[in-house]
Amino acid sequence: MIIPLEPQDLFRIKSSHLLVDVRSPAEYAQGHIPGAVSIPLFSDDERAEVGTRYHQAGKEAALLVGLDLVGNKMSGFLKKLNALNRGSIKSVAVYCWRGGMRSASMAWLFELGGYRVHLLQGGYKAYRSYIRREAGKGLQMLVIGGMTGSGKTEVLRQLKEYGEQTLDLESLACNKGSVFGYLGQAPQPGNEQFENDLFDELAGFDPLRPVWMEDESRSIGAIGLPSEFYLRMKSSPLILLKVPEAIRVERLELEYAGFEKQELIAALKKLLQPLGGLNFREAVNHIEAGNFGQAIRIVLGYYDKMYLKALLKTTDRPIAEVNAETGDAAQNAGLILKLAMESFKKQSLSQNYFPASENTATNH
């Protein structure tokens, strides 16, 4: 018997079921449920052919075309599943775009081949609607803010070492969040796949403990954060890490001075208008002369102004400040943890939220 599966139940069975995407290769490449393998019922050209037939002659005609296309490939589908499965998992969950004939036919075939089969109701479309609506719901978010170069990413990594739950949005997006953020990074995923990967991370967190993340704008490079998630993040408590400018400049120089000067100038061109012609030319001259610190100070003037402007608009979230005199991530992570625990102690929640990190925080 083929077992219906709702999107919200998918994450409960993912570890024990092989997830099979039967859409076309192009659909899979655009975005798929993390961990899913691709066993397409139709190639991209075949899918187009069936779709054209459907629009020209209706459902029955399209069905006949589809049967002609896949009739001699059915054993190949099952052989591919067996090869991917390698005998370890005899339960599969199958999905197509809407949970229609493509997934139903493959579910029938896989059940015939001896597998226990779940069929995702509403298909990938229903899954996408679910994750966009639910992203971040029920999680206690703690957000680390601060001006460019404050070392927020390093602090986030240190918190993870201390046993805290952390979400690295910039790592998922393959971009550090500025016009220079793509340098040294892998190509960004499509927005659809980013959202899928994001929800997969969120689904793995313990809802009884907070999730730390960086304060981000709505876009990270070319990636846009899901609206519901973004609004939840922007209403969550913000801990503002304040680091002296000299330390921020030093960190950014270490991070970016190793790139080719022409790469830096090409990225800087995106700021030509907001910087103004004189500042832009001066920054370019400093880069060409190897005076990276001076160029960074000019760019920070713009980014600091924009960050403060955005911060002044924040009126509906708790904000606390941590004044750091060092760029040391371990020390600053300790200061942030201490502040957070003191805040939660007032609500008698610290033992539930910070069981692993109390000694760490008090020792820094």
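Annotations
- Residue ID - modelled with the highest pLDDT, chosen from residues in the stretch 52-81 that are more than 16 Å from SER105 (Cβ to Cβ) and assigned to a helix (DSSP H, G or I): LYS79
- All of ARG281, ARG297 fail the test of being part of a helix (DSSP H, G or I) and in contact (Cβ under 8 Å) with a residue 24 or more places away in the chain, apart from ARG297.
So that you can scan it fast, the table gives a plain yes or no per residue for (1) at pLDDT 90 or above; (2) over 28 Å from LEU208 (Cβ atoms); (3) in the same structural domain as ARG209 (by TED's automatic domain parsing); (4) under 27 Å from the mean Cα position of the chain (by Cα):
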position: PRO318; (1), (2), (3), (4): no, no, yes, yes
position: ALA330; (1), (2), (3), (4): yes, no, yes, yes
position: ALA333; (1), (2), (3), (4): yes, no, yes, yes
position: ILE336; (1), (2), (3), (4): yes, no, yes, yes
position: PHE344; (1), (2), (3), (4): no, no, yes, no
position: LEU349; (1), (2), (3), (4): no, no, yes, no
position: TYR353; (1), (2), (3), (4): no, no, yes, yes
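- Each residue in the stretch 230-264 was checked for being out of contact with any Gly (no Cβ under 6 Å at 6 or more places or on another chain), in a helix (DSSP H, G or I) and over 19 Å from PHE180 (Cα atoms), and 5 of them qualify.
- Within the stretch 191-221, the residues that satisfy the criterion of being under 20 Å from ALA310 (Cα atoms) and either in a helix (DSSP H, G or I) or in contact (Cβ under 8 Å) with a residue 40 or more places away in the chain (or both) are MET213, GLU214, ASP215, GLU216, SER217, ILE220, GLY221.
- Subset of the stretch 318-335 [under 15 Å from THR153 (Cβ atoms) and in contact (Cβ under 8 Å) with a residue 40 or more places away in the chain]: ALA324, GLY327, ALA329, ALA330, ASN332, ALA333
- The number of residues in the stretch 15-44 being assigned to a helix (DSSP H, G or I) and either hydroxyl-bearing (Ser, Thr, Tyr) or more than 20 Å from the chain's Cα centre (by Cα) (or both) comes to 4.
- Of all the residues in the stretch 245-259, those that are over 28 Å from the mean Cα position of the chain (by Cα) and of a type outside the set (Val, Ile, Thr) number 3.
- Residue count, the stretch 189-239 (criterion: surrounded by fewer than 21 Cβ atoms within 10 Å (Cβ to Cβ) and in contact with a Ser or Thr (Cβ under 6 Å, 6 or more places away or on another chain)): 0
- Selection status of ALA36, out of contact with any Pro (no Cβ under 8 Å at 6 or more places or on another chain) and loosely packed, with under 13 Cβ neighbours inside 10 Å: no
- Matching option when the condition is in the same structural domain as ASP200 (by TED's automatic domain parsing) and of a type in the set (Val, Ile, Thr), among ILE144, ILE39: ILE144
The values are calculated or read from the model by the stated rules, or taken from the named source; none is laboratory data. It should be emphasised that the depicted structure is a prediction, and the values quoted were computed from it without experimental measurement. Note: ideal-geometry Cβ built from the backbone for every residue, glycine included; neighbour counts use all protein chains shown.
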